[in-house]
1. Using a ≥ b ≥ c from the Cα gyration tensor of the range 95-176 (square roots of the eigenvalues), is it rounded, prolate or oblate, where a/c under 1.5 gives rounded and otherwise the larger of a/b and b/c decides, a/b for prolate?
2. At 222 nm, what helix-only mean residue ellipticity would the chain give, in deg cm²/dmol to the nearest 500, using -39500 (n - 2.57) for each DSSP H run of four or more?
3. Any idea how far apart Y100 and K67 come out in nm if each label point goes 7 Å out from Cα toward Cβ?
4. Report the net charge of residues surrounding L301, where surrounding means a beta-carbon distance below 14 angstrom and charges are Lys +1, Arg +1, Asp -1, Glu -1.
5. Report the net charge of residues surrounding H47, where surrounding means a beta-carbon distance below 14 angstrom and charges are Lys +1, Arg +1, Asp -1, Glu -1.
6. Taking Rh as the Kirkwood radius computed over C-alpha pairs, what is the Stokes-Einstein D of the chain at 20 °C in a medium of viscosity 1.002 mPa s, expressed in µm² per second?
7. Please work out, to two decimal places, the log10 of the ratio I(q)/I(0) at q = 0.08, 0.10 Å⁻¹ from a Debye calculation in which every Cα of the range 228-418 carries one identical scatterer.
8. Hey, with R₀ at 45 Å, roughly what FRET efficiency would A402 and E126 work out to, going by the Cβ-Cβ distance, to 0.05?
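What follows is calculated from the coordinates using simple rules that are stated; it is not laboratory data. Source: prediction; values computed, not measured. We place every Cβ from the backbone using ideal geometry, glycine too, and count neighbours over all the protein chains shown.
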Amino acid sequence: MRSHPSGRASTATTTGIHLKRILMIAYHFPPLAGSSGIQRTLRFVQHLPSLGWQPLVLSAHPSAYEKTSDDLLADVPAGTVVRRAFALDTARHLQIAGRYLGWMARPDRWISWKFDAIRQGLKLIEEFKPDVIWSTYPIATAHVIASALHRKTGIPWVADFRDPMAQEGYPADPRTWQRYLAIEADAAALARYCVFTTPGAARVYQQRYPAAAGRMMVLENGYDEESFASAALQPQVSSSEGSTTSSTPRPLVMLHSGIVYPSERDPTQLFVALGRLQKAGALGPNELHIRFRASVHDDLLHSLALAYGAQDYIELCPATPYREALAEMMAVDALLVMQASNCNAQIPAKIYEYLRAGKPILGLTDPDGDTAGVLRGAGLNDMARLDSADEIARVLPVFAAAVRADKAKLPDPAAVQLASRRGRSELLVRFLNDVDK
């Protein structure tokens, strides 16, 4: 636990202004590694104290995390109270002969977190008397914990959904889907605000729960300027991890940084298009490399690339510390975002960091989705549908030529500035101050 030397959270800023308190229930928090979702809570924790709110963090014990890293622990401000409740990952800790009972992972594999988290949460509430409870998805158990604490104490609750929960065909297990539906209905009934990261997600829930429509708010993700400033001091990642002779122009490097979900970011048609372009001599692997950094599904990408003759275009690279990942975004020639039409109401959190990196961005996404809307809002129009090899094959050579000629569009600086985490925190405080009236 990182805490004030007295054992209590600091209640005043250096200017003597007393802080209100917010209990933040978040599974994704340092030292968890491998998820961009960690940035949302972490950056709120950083910025809220200067805006009049002292965060108290209730998270899971690191043993519940599949992968950990210390690289972001230093970003948790000194004096922040962080309590870590006992939790198990059902898939890793409770399976027998490779299997476990379905009820042990509903609504998710970390449902065991709820028992100690409620106990720890009540202790935090008794000790620090927070003004608001805040919980954040995509671990649905966080909302279960927050609902229980709200019911027991009456403290106002803000449910940060981020993305939709129960969707058509997701979760695939009908009982888990019903559990998701029950959790979101409970939040819609009890939470003072339900917060979403995209306009599309908010509209879905305003239609699903019309009685709560006035309490459905949009608070997008963003980028952290301080992290980019320190990332600029990192050793530059080479534009190409391959080798070229001095007489041979190196290929452009286009980076996809982060997880490639097999359905929501399925690259199959991209690889189909690359295979066609190579056969046609329209764009060869000596002209373009696509680097997948920390995809989590390297084996799938490798097999798909082999199947469609695109293996010479791709580089599969391991995860790297956060600031090194930002430095890489600023060092490569272009950036790639992929989002399928089944996620039109969702926006990859990484896209805001892409915008701040100031590089050309190719969007493989549905033009009617919220991801395309963010790109267009930043003045970017290089897009093709992720599920259309024909569109990708038309757009990709034109985009690569524009990048090589230094004529590709760059993100609009005004749009970039609006997406800072500091600005998002200021908007959150507006919600919190309204809740606390």
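1. Numbers: a/c = 3.27, a/b = 1.60, b/c = 2.04.
Oblate.
2. Working: 15 runs with 163 residues, N = 437.
Mean residue ellipticity at 222 nm (helix-derived): -11000 deg cm²/dmol.
3. The modelled label-to-label distance comes out at 1.9 nm.
4. Working: positive: R265, R291, R293; negative: D266, D298, D299, D312, E315.
Once positives and negatives cancel, what remains is -2.
5. Numbers: positive: R40, R43, R421, R422, R424, R430; negative: D75, D224, E225, E226, E426.
That sum, taken over residues with Cβ under 14 Å, equals +1.
6. Details: Rh = 22.9 Å.
Diffusion coefficient, whole number: 94 µm²/s.
7. Debye curve over Cα of the range 228-418, log10 I(q)/I(0) at q = 0.08, 0.10 Å⁻¹: -0.23, -0.36.
8. Details: r = 60 Å, r/R0 = 1.33.
Result of the calculation: an efficiency of 0.15.
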